[in-house]
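A quick write-up on the structure given underneath.
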Amino acid sequence: MKKYLILLLAIFTIFTPLNTFAISSDYEDKVYNIVNVEKDENKVNLYLFYGQECPHCEEEREWLEEIKNEYKDYLNVYEFEVWHNDDNKQKMETVKELLGESKSGVPFTVIGDTEYVGYSETIGSILENKIKSYSELDNNP
């Protein structure tokens, strides 16, 4: 009996992934069709509209580079430079109008139907928590 229990436990351990996730039913990507990207049903999309010379934008972009690898299995990051690209600026304005955002400025970040203007460590933490909540991460040791 003990051997069967150990065997069953071993099989369960082998076939249980270390990180399991699913996209939350609360996640609604309202932006993908405006910026012309494919909607991936298995990943959360983060959209960053930034200005090339903006120091806060560069901070957020560096932070995104750090987390991209950690969340690569369930996160797509799309970046759009808006100070030197009129098409991207128009996309940002359309997204802002859709989401009812009246503040101007960059970085302008969107996850699902939530937008963030500016960047700080606090906003980085909020963004990461939003990614985790939409991804319904269940980290099993």
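Bear in mind these aren't lab numbers, they're just calculated from the coordinates by the rules spelled out. Not measured: the values here are computed from a predicted model. Glycine gets a Cβ as well: all are built from the backbone with ideal geometry, and neighbour counts include every protein chain shown.
Side notes on the structure shown:
- Added length on full extension, which subtracts the Cα-Cα distance from 0.36 nm per residue, Leu99 to Ser133: 10.2 nm
- GluC sites (Glu not before Pro) within region 38-124: DSSP coil, no more than 10 neighbouring Cβ in 10 Å: Glu38, Glu41, Glu53, Glu70
- Cut-off under 5 Å, modelled amide H: who pairs with Glu79 long-range: Leu48
- Cβ-Cβ FRET estimate between Ser24 and Glu58, R0 fixed at 30 Å, reported to 0.05: 0.50
- With 26 Å as the limit, the listed pairs Lys39/Lys130; Lys39/Lys72; Lys72/Lys103 have Lys72/Lys103 beyond it between alpha carbons.
- A simple count of charges around Tyr116, restricted to other residues whose Cβ falls under 15 Å of its Cβ and scoring Lys, Arg +1 and Asp, Glu -1, yields -3.
- Restriction of the trypsin sites (Lys or Arg not before Pro) in region 85-116 to DSSP coil positions whose beta-carbon has at most 12 other beta-carbons within 10 angstrom yields Lys103.
- Charge tally in the Cβ shell below 12 Å around Asn88, where Lys, Arg are +1 and Asp, Glu are -1, Asn88 excluded: -3
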